[in-house]
1. Take the residues in region 264-276 that are crowded, with 24+ Cβ neighbours inside 10 Å and more than 9 Å from the ligand (Cβ to nearest atom), then tell me which one is nearest to the chain's Cα centre (by Cα).
2. Go through region 351-374 and give me each residue that's in a loop (DSSP other than H, G, I, E, B) and either over 18 Å from ILE293 (Cα atoms) or without any contact (Cβ under 8 Å) to a residue 12 or more places away in the chain (or both).
3. Anything in region 186-218 that is out of contact with any strand residue (DSSP E or B) (no Cβ under 7 Å at 6 or more places or on another chain), modelled with pLDDT of 95 or more and aliphatic (A, V, I, L, M)? List them, or say none.
4. Given the conditions (1) within 23 Å of THR201 (Cβ to Cβ); (2) open to solvent by 10 Å² or more (accessible area, probe 1.4 Å), and given that THR379 satisfies all but one, which numbered condition is not satisfied?
5. Can you find a residue that is within 19 Å of SER50 (Cα to Cα), in contact (Cβ under 8 Å) with a residue 60 or more places away in the chain and in a loop (DSSP other than H, G, I, E, B) anywhere in region 164-177?
6. Considering only residues that are under 30 Å from SER163 (Cβ atoms), open to solvent by 10 Å² or more (accessible area, probe 1.4 Å) and of a type in the set (Gly, Ala, Ser), which ones fall in region 282-317?
7. Tell me the strands (runs of 3 or more DSSP E) entirely within region 63-154 that contain at least 3 residues that are surrounded by fewer than 24 Cβ atoms within 10 Å (Cβ to Cβ).
Amino acid sequence: MTTRALGSELLEPFDYNPLTRVVYGPGSILQLGKLARDYGASRLVLFTDSGILATGHIDRCLQSLQAAGVATTLFSGVQPNPSSDDVEQGVQVAREAQADFLIAVGGGSSIDCAKGVNFVLTGGGTIHDYWGVGKARGPMLPLIVAPTTAGTGSEAQSYALISDAKTHVKMACGDQRASCKVAILDPELTVSMPRSVTAATGIDALSHAIESHVTTRRNSVSQSFSRRAFRLLSQALPVVLDEPANLPARGAALLGAHWAGAAIENSMLGATHALANPLTATYGITHGVAIGIMLPHVIRYNEPAVASLYAELAAALPSDAKFNRAQGSEDLTAGEVLACYVEQVVRQAGQPTNLLELGVEASRLHELAQAASVQWTGTFNPRPVDATSLEELYRCAFSA
Ligand SMILES: [Fe+2]
């Protein structure tokens with residue numbers, strides 16, 4: 001009797017612990033007050049930024065919370081790429097309010113800031129004490145979040161990314177207790193994004209789907225999320241860039257970003273993020289802009305190691321996806337198809353396509369590569385990277 005082969009990957013172990021309830025749908029933000037009350041909130045702090053405050057979304061949140069009888073303190077001072085200073089200010093506000101519950105409504109910055117505050121508020125010290133994994137010092141406050149961008153997928157993750165206020169080094173502070181109790185995914189909240197934000201956050205989410213699919217930590221659970229995320233994002237991104245009010249496309253992008261975030265939680269990221277972080281720290285380049293430049297080059301670099309995995313993603317591209325194929329090269333590899341697709345989305349978004357356009361100096365590529373080589377995320381890249389290969393990747397992207 002013969003044994004039928006079903007694939008050795010089916011025996012690869014994983015440990016999947018879903019921690020966040022997901023409530024999805026247009027208008028679902030109106031459930032915020034009831035959800036907070038159901039989870040025991042009596043005095044909460046709501047974290048957001050001044051841009052979101054101006055959209056009117058927060059008014060709807062406050063009305064819902066008021067109707068549920070929950071006392072709310074507003075902290076609307078979250079900055080992009082939140083720093084240790086932002087966390088300190090948030091902790092102070094939460095202490096004064098004697099908060100027993102936290103809410104974040106905004107992009108990844110507001111969500112990460114609230115998570116960072118939660119670490120320090122419940123465990124003392126400073127956010128630096130929580131840099132790393134599993135450093136929470138006891139139970140943390142319940143946290144409900146509602147993303148207003150379709151980007152980081154922070155609502156699906158147990159990590160807070162907080163920059164050191166002085167060095168600008170990004171600290172990843174992760175603990176399962178920092179996970180959100182509930183993520184409210186309401187596509188209506190994302191319609192207000194300016195086009196440049198839709199583009200940068202959407203390209204970031206796309207990179208999360210592609211990178212998480214191939215990391216050394218990938219497993220069948222994370223890859224299910226990655227593939228679903230990639231399919232949704234590759235369908236939705238070209239549409240939301242041209243039709244910002246297209247609610248089904250906004251919903252697909254929001255869900256895609258969320259599933260990509262769930263993939264990261266289970267598989268981490270790769271070299272694209274290792275390369276992008278020093279560009280943001282050194283030149284203040286928007287994360288999704290740096291990602292859009294570096295991702296195609298990393299895909300090409302990784303292809304020898306993960307060609308079959310890239311083929312799975314390339315097969316999921318919408319049939320009408322078109323790219324500027326090089327003349328006479330109909331037989332593009334899967335990695336090349338993916339890289340060309342990303343380049344096309346970056347061009348459609350109107351984002352820069354090389355580092356030179358952003359004022360990066362050739363003389364500093366060596367120093368940037370040194371910084372990239374010590375990024376934790378690079379250790380999960382499927383093809384090993386070091387300072388030399390990372391510098392070569394920067395050079396490929398310099399005037400591409
Ligand atoms: Fe990212």
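The values are calculated or read from the model by the stated rules, or taken from the named source; none is laboratory data. Keep in mind that what you see is a predicted model, and the values were worked out from it rather than measured. Because the Cβ atoms are built from the backbone with ideal geometry, glycine has one as well, and the counts that use them run over all protein chains shown. Note: accessible area is taken over every heavy atom of the protein model, side chains too, but ligands, DNA and RNA are not part of it. Shrake-Rupley method; radii C 1.70, N 1.55, O 1.52, S 1.80 Å.
1. Among them, the one singled out is GLU265.
2. Once the filter is applied, which keeps residues that are in a loop (DSSP other than H, G, I, E, B) and either over 18 Å from ILE293 (Cα atoms) or without any contact (Cβ under 8 Å) to a residue 12 or more places away in the chain (or both), region 351-374 yields GLU361, VAL374.
3. VAL191, VAL197, ALA199, ALA200, ILE203, ALA205, LEU206, ALA209, ILE210, VAL214
4. (1)
5. Taking every residue of region 164-177 in turn, none turns out to be within 19 Å of SER50 (Cα to Cα), in contact (Cβ under 8 Å) with a residue 60 or more places away in the chain and in a loop (DSSP other than H, G, I, E, B).
6. GLY284
7. 71-75
This table checks each residue for (1) within 16 Å of the ligand (Cβ to nearest atom); (2) open to solvent by less than 10 Å² (accessible area, probe 1.4 Å).
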{"residue": "GLU188", "(1), (2)": "no, no"}
{"residue": "SER192", "(1), (2)": "no, no"}
{"residue": "VAL197", "(1), (2)": "yes, no"}
{"residue": "ILE203", "(1), (2)": "yes, yes"}
{"residue": "LEU206", "(1), (2)": "yes, yes"}
{"residue": "ALA209", "(1), (2)": "yes, yes"}
{"residue": "THR215", "(1), (2)": "yes, yes"}
{"residue": "SER220", "(1), (2)": "no, no"}
{"residue": "PHE225", "(1), (2)": "yes, no"}
